[in-house]
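The values are calculated or read from the model by the stated rules, or taken from the named source; none is laboratory data. None of the values given here were measured: they were computed from a predicted structure. Because the Cβ atoms are built from the backbone with ideal geometry, glycine has one as well, and the counts that use them run over all protein chains shown.
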Amino acid sequence: MERIKLAIERARAQAGAPQAAPAWEPRTIDLPPLPRETMDAVPMDLVRLDPFHLQQHRIVGLDQGNPLRQSFDLLRTQVLQRMQEHGWRTIAVTSPSMASGKTVVSINLAMSIAHHPSKTSLLVDFDLRRPSVATYLGLPVGNSLNEVLAGEVDVGSAIVNAGIPGFQVLATQHRVTGAADVLASDGVSHLIKGLRDASPDRIVVIDLPPVTAVDDVIAVLPRVDCVLVVIGSGSSTTREIEETKRHLARFNVLGVAVNMAPLTMANSGYY
Ligand SMILES: Nc1ncnc2c1ncn2[C@@H]1O[C@H](COP(=O)(O)OP(=O)(O)OP(=O)(O)O)[C@@H](O)[C@H]1O
Ligand SMILES: [Mg+2]
């Protein structure tokens, strides 16, 4: 009996005693970060974009050697920094007047964001009167924002994985009547919120018409976190710029990008 008691006491003492050090030390192995290509599984349905077609429309997202890429990467860095400071994840692109390069800037900015190691982008064509994102990218005809707005398909089936991993497009294939009413609707409000909330890494870039031409911009901006104003160098009058400032006064203007600047205005000749 005494021997059993002794054995129990010994076992208890051993259980409370500090563990003997193992004969080997577990090793920590530092793995290098995985390259972006490995982390982003290339989507099965990635639509290939034609580099020559893109080049003709001044889209430089696939053209690594193009010096304009640097300008857009610089713009992207500034945009992302400001958006992060405020926790913003949706950005609209507009301008005081037509043909300032909004769509070219929207597409290149969205592609540059997709190249960022920790971000993805979704470009939405909300220029419902003169949609041109699908044409500039050379996207095949398929489900688009038109069918989503008509309630014919769900938004997931209208989003296209385009050209590079992390770059998605919700294009508009043909013009929509009653654009301002559509943009001011609850449906569009829910749509934008849903697109933003689908992924915390996603930045939603929204291509819009000019501020001064129609009231579409004012209709949709309350649903968007911030707005980037593109001014085509020499293409907007002082009056249009003043009017734009007045219209945008109550929204978060993230900044102004000067497009089509002469070479003397910037190193790259673009900004
Ligand atoms: N930096 C630039 N230098 C020269 N041409 C440019 C530049 N940026 C855009 N363009 C050209 O200007 C034209 C208008 O560009 P874009 O369609 O992007 O303008 P927009 O402001 O979106 O026009 P809209 O008001 O019709 O929507 C296009 O032919 C485009 O290739
Ligand atoms: Mg446009």
Please verify whether the stretch 167-189 includes one or more residues that are within 24 Å of residue 222 (Cα to Cα), in contact with a Lys or Arg (Cβ under 7 Å, 6 or more places away or on another chain) and more than 16 Å from ligand 1 (Cβ to nearest atom). yes
Yes or no: residue 122 under 20 Å from residue 101 (Cα atoms) and more than 16 Å from ligand 1 (Cβ to nearest atom)? yes
Can you confirm whether the stretch 44-53 contains a residue that is within 16 Å of ligand 2 (Cβ to nearest atom), modelled with pLDDT of 95 or more and either under 23 Å from residue 209 (Cα atoms) or in a helix (DSSP H, G or I) (or both)? no
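Here is a yes/no grid of residues against (1) without any contact (Cβ under 8 Å) to a residue 12 or more places away in the chain; (2) crowded, with 18+ Cβ neighbours inside 10 Å:
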position	(1), (2)
54	no, yes
65	yes, no
76	no, yes
80	no, yes
108	no, yes
113	no, yes
117	no, no
126	no, yes
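To keep it simple, each residue is scored yes or no on (1) surrounded by fewer than 23 Cβ atoms within 10 Å (Cβ to Cβ); (2) within 16 Å of ligand 2 (Cβ to nearest atom); (3) in a strand (DSSP E or B).
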position: 182; (1), (2), (3): yes, no, no
position: 188; (1), (2), (3): yes, no, no
position: 192; (1), (2), (3): yes, no, no
position: 195; (1), (2), (3): yes, no, no
position: 206; (1), (2), (3): no, yes, yes
position: 211; (1), (2), (3): no, yes, no
position: 214; (1), (2), (3): yes, yes, no
position: 219; (1), (2), (3): yes, no, no
position: 222; (1), (2), (3): yes, no, no
Say whether the condition of being in a loop (DSSP other than H, G, I, E, B), more than 13 Å from the chain's Cα centre (by Cα) and of a type in the set (Ser, Thr, Tyr) is met by at least one residue in the stretch 75-97. yes
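Taking the stretch 58-102 on its own, how many of its residues are within 16 Å of ligand 2 (Cβ to nearest atom) and either touching a Leu at 6+ places or on another chain (Cβ under 8 Å) or within 17 Å of residue 202 (Cα to Cα) (or both)? Even if it seems obvious, please write down each step before you answer.
Applying the first criterion (within 16 Å of ligand 2 (Cβ to nearest atom)) to the stretch 58-102 yields 58-59, 91-102.
Remaining after also requiring either touching a Leu at 6+ places or on another chain (Cβ under 8 Å) or within 17 Å of residue 202 (Cα to Cα) (or both): 58-59, 91-94, 102.
Summing the residues that are within 16 Å of ligand 2 (Cβ to nearest atom) and either touching a Leu at 6+ places or on another chain (Cβ under 8 Å) or within 17 Å of residue 202 (Cα to Cα) (or both) in the stretch 58-102 gives 7.
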Sort out which residues of the stretch 112-137 are away from ligand 2 (no atom under 16 Å from the Cβ) and either closer than 16 Å to residue 54 by Cα or of a type in the set (A, V, I, L, M, F, W, C) (or both), and write them in order of number. 112, 113, 114, 122
Please identify the pairs in which a residue from the stretch 91-103 that is among the polar types (S, T, N, Q) has its Cβ atom under 7 Å from the Cβ atom of a residue that is within 8 Å of ligand 2 (Cβ to nearest atom) and in a strand (DSSP E or B), counting only partners at least 6 apart or on another chain. 103/207
Filtering the stretch 224-246 down to residues that are assigned to a helix (DSSP H, G or I) and among the polar types (S, T, N, Q) yields 238, 244
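In a strand (DSSP E or B), over 18 Å from residue 56 (Cβ atoms) and within 16 Å of ligand 1 (Cβ to nearest atom) - does that describe any residue in the stretch 125-145?
Yes, some residue in the stretch 125-145 is in a strand (DSSP E or B), over 18 Å from residue 56 (Cβ atoms) and within 16 Å of ligand 1 (Cβ to nearest atom).
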Condition broken by residue 219, with the remaining ones in (1) of a type in the set (A, V, I, L, M, F, W, C); (2) touching a Gly at 6+ places or on another chain (Cβ under 9 Å); (3) more than 13 Å from ligand 1 (Cβ to nearest atom) satisfied: (2)
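Residue under question is residue 107, and the condition is that it be part of a helix (DSSP H, G or I), at pLDDT 95 or above, away from ligand 1 (no atom under 16 Å from the Cβ) and under 13 Å from the mean Cα position of the chain (by Cα); does it hold?
Numbers: part of a helix (DSSP H, G or I): yes; at pLDDT 95 or above: yes; away from ligand 1 (no atom under 16 Å from the Cβ): no; under 13 Å from the mean Cα position of the chain (by Cα): yes.
When the stated conditions are applied, residue 107 does not pass them.
Please determine, by comparing only the residues of the stretch 158-180 that are assigned to a strand (DSSP E or B) and touching a Gly at 6+ places or on another chain (Cβ under 8 Å), which one is surrounded by the fewest Cβ atoms within 10 Å (Cβ to Cβ).
160
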